[in-house]
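Have a look at the structure below before the remarks.
The values are calculated or read from the model by the stated rules, or taken from the named source; none is laboratory data. Treat the numbers as computed from the prediction; the structure is a model and nothing was measured. Cβ sites come from the backbone with ideal geometry, for glycine too, and all protein chains shown count toward neighbours. These accessible areas exclude ligands, DNA and RNA; they are computed on the full protein's heavy atoms, side chains included. Shrake-Rupley method; radii C 1.70, N 1.55, O 1.52, S 1.80 Å.
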Amino acid sequence: MTRADVRQRRADVLTARAALLRPTARKTQETIIVTTIRVLALNSGPDLLGALKAAAERGATVRALAEDLEIPPNAGIDELSAASTAWDTARRQSQTAAARMKGNAIAASMAAERRAKAVAIARPLWALPSEDIPNAEIERRAGISITTLYRALGPRTVAQKSARQKMEKKNG
């Protein structure tokens, strides 16, 4: 299906649905299993009810795995209401999925940028003796947790030892 098919609510492009819900003369009970209730209809509640009606006329129970729903052929208002609510929730989630992914990527990028700036602030302080500047003060100045600083900069004692060695070489 194309985006235009979804936007224009072209139910006729759901060829598998049409084949699945076609009328039958068989009287055996059957179960139609779908991954999500959303695949039964495009963008309208009446389309969903039409699909459920067609399934009922076949004597089929519709089982939607993602929503853990089972709609029998003789479904009452409670089952139909649950199906409608689940379908609407899935529809809304699919409409905003792309924007959520973009938003999450941007938020992660911004967090990484903030973390990089904070580490840049903490890096020169990390090698200073703990008596001169304690971990809590570095944490406060950088604006990130001491755990994050340890992850980014490694053990502080190593940085301090390296700084002492450089100072000794320089002085002596």
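List of remarks:
- Computed about the Cα centre, the dipole magnitude for the chain is approximately 1000 debye when only Lys and Arg (+1) and Asp and Glu (-1) carry charge, each at its Cβ.
- Segment 43-172: relative contact order as a whole-number percent, Cα under 8 Å and 6+ apart: 15
- For the chain, calculated [θ]222 nm from helices alone, where every DSSP H run of n ≥ 4 adds -39500 (n - 2.57): -20500 deg cm²/dmol
- As a rough guide to protection, the peptides 35-42, 113-120 ranked by mean Cβ packing within 10 Å, highest first, stand as 35-42, 113-120.
- Proximal charge balance of SER109 [Cβ under 12 Å; K/R count +1, D/E count -1]: +2
- Accessible heavy-atom area order of GLU70, GLU79, highest first, probe of 1.4 Å: GLU70, GLU79
- Antiparallel bridges, percent of DSSP beta bridges restricted to the chain (to nearest 5): 40
- Counting lysine pairs in the chain that sit 8 or more residues apart in sequence, or on different chains, and whose Cα atoms lie under 24 Å apart gives 4.
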